[in-house]
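The values are calculated or read from the model by the stated rules, or taken from the named source; none is laboratory data. Computed from a predicted structure; not experimentally measured. All Cβ positions, even for glycine, are placed from backbone atoms using ideal geometry, and neighbour counts span all protein chains on display. Only protein heavy atoms, including side chains, enter the accessible area calculation; ligands, DNA and RNA are left aside. Shrake-Rupley method; radii C 1.70, N 1.55, O 1.52, S 1.80 Å.
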Amino acid sequence: MGGIRSNGRRQPSLAQLRAFAAVAEHLHFRDAAAAIGMSQPALSGAVSALEEVLGVTLLERTTRKVLLSPAGERLAVRAKAVLVEVGALMEEAEAVRAPFTGVLRLGAIPTVAPYLLPTVLNLVHDRYPHLDLQVHEEQTANLIDGLTTGRLDLLLLAVPLGVPGVVELPLFDEDFVLVTPLDHWLGGREGIPRQALRELNLLLLDEGHCLRDQALDICREAGREISGAGRRPSADGREGAPVTTTAAGLSTLVQLVAGGLGVTLLPRTALKVETTRNNQLLTGYFADPAPTRRVAFAMRAGAARGAEYEQLAEAMREALRPLPVRVLGPGA
C-alpha cells in the first residue's frame, strides 16, 4: 500500500485514492469500507499509507467520528476527479475493445465523397449503429498527411498511392466517361477510341485534385503530349488542343461543359449526380478497355483496428454492387 514510484518519487495507488474518497464521502470507516468492499483495517491502512505518500494529514480521527482536515477537504476533490477520469478511461477501453464502436475519422477526396458517402452512411447506420463516423473531405495530399500523423483513421480515395506504411483495401474499379455539350460530335456515342482525346478541348479540375492527374495520364496514354500550360504541340510545332484548368469541383466543371466551353471526363459514380441537373449535356462511352480508376480504403500498416477496417471494406464491397462499378475482391 506504499504507492508506486515515478521518477524516484512515491505516488498514490488507486486503492489508496479509492479508500480516501470513500471515507471523505461517508465520514465513517465502517460505512466507507462496506461501500467499496474492503475490510475496515485494510481501508484504514490504505488511508494512512496515502497520508504518508502525500506527506499531509487528511483525516482528524476521534473515538466517535471522522473529520476531514483542511488539507483533506482540498485533496478529496482531487482524488474524486482522478477516480472519475480512471473510470472514463476504463469505459473508453471497453468501447475500443468492442468492434465498430467509438469514433471513426474517415477522410475522403472531393471526387469520391459526394457520390459514395450515401452508401457509406447507409451502411454504417444499418450495420454499425454504435460507430461514431466523422467525415473529412480533403485533397489526397492532406488526407495522406492526416492518416500518417494520426489525425485520420481511414481514407476513401483513388489509388494506387505508393506511400510507405499505408495499406490499401481495394473496393472497386470504375470507368471514365466523356461528358460533352449537346452539339458535340462525340456526344452520346459509344465505342469512342481513346485517341479521340488527342484533339479535344478538355476541361479539368484545379491542381491538387488526383482526378486531374488521372485525366492527364489518360490523355498521355492516348498519345496526347502534355507540356507547358497544358497544350499539346502538333507535328509542325504549333500548339494543339488546350487542356484548360477552370474548376475547383466537378459540379462547376460540368456546368462549363454545358455552356459549350469544352468536354470533360467523369467517373461513372459521379455521372448521375452531376449530369441529371442539366439537359444540355450528353455522355459518350469509350471502347473497351475504357479508361478507369480504382477506389479503395487506405489505413496505416499495423493499425490497431485494422481487422475492423478490413471487415468494413468487405461490407462496403457488397453495398456497392448496385452502383455502376466493378467490385473487387480483397486481394485485387
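Side notes on the structure shown:
- Entry note, the stretch 75-199: relative contact order of 23 percent, from Cα contacts under 8 Å with a spacing of 6+ residues.
- Cα gyration tensor, the stretch 98-138 - rounded (a/c under 1.5), prolate or oblate: oblate
- When the square roots of the Cα gyration tensor eigenvalues are ordered a ≥ b ≥ c, the ratio a/c for the chain is 1.5 or more and a/b exceeds b/c, which makes its shape prolate.
- Here the stretch 260-332 has an Rg and Dmax of 16.6, 51 Å, counting Cα atoms alone.
- Simple spin-label estimate for residue 42 and residue 64 gives 3.2 nm between the two label positions (7 Å along the Cα-to-Cβ direction from each Cα).
- Shape of the stretch 275-316, Cα gyration tensor, a/c cut at 1.5: prolate
- Exposure rank, largest accessible area first [80, 272; 1.4 Å]: 272, 80
- Take every Cα pair under 8 Å whose residues are at least 6 apart in sequence, average their separation, divide by the length of the stretch 53-138, and the relative contact order is 25 percent.
- The calculated P(r) of the stretch 1-108, using every Cα pair and 10 Å bins from 0, goes 14, 39, 25, 13, 7, 2, 0 in percent.
- Calculated FRET efficiency, residue 186 to residue 311, Cβ-Cβ distance, R0 = 51 Å: about 0.75 to the nearest 0.05.
- Accessible surface for residue 126 stands near 110 Å², nearest 10, in the context of the full protein assembly shown (1.4 Å probe).
- In the chain, Cα pairs under 8 Å separated by at least six residues give a relative contact order of 20 percent.
- Taken about its Cα centre, the chain carries a charge dipole of roughly 860 debye when the Cβ of each Lys and Arg holds +1 and the Cβ of each Asp and Glu holds -1.
- Ordered from largest to smallest accessible area (heavy atoms of protein chains, 1.4 Å probe), the residues 136, 125 come out as 125, 136.
- Measuring nothing but protein heavy atoms, the accessible surface of the chain at 1.4 Å probe radius is 52 percent carbon and sulfur.
- Length added when fully stretched, residue 199-residue 27, from 0.36 nm per residue minus Cα-Cα: 53.1 nm
- Counting only DSSP H runs of at least 4 residues, each contributing -39500 (n - 2.57), and dividing by the residue count of the chain, the helix-based mean residue ellipticity at 222 nm comes to -12500 deg cm²/dmol.
- Annotation: per residue accessible area for the stretch 35-129 equals 59 Å², rounded to a whole number [probe 1.4 Å, protein chains only].
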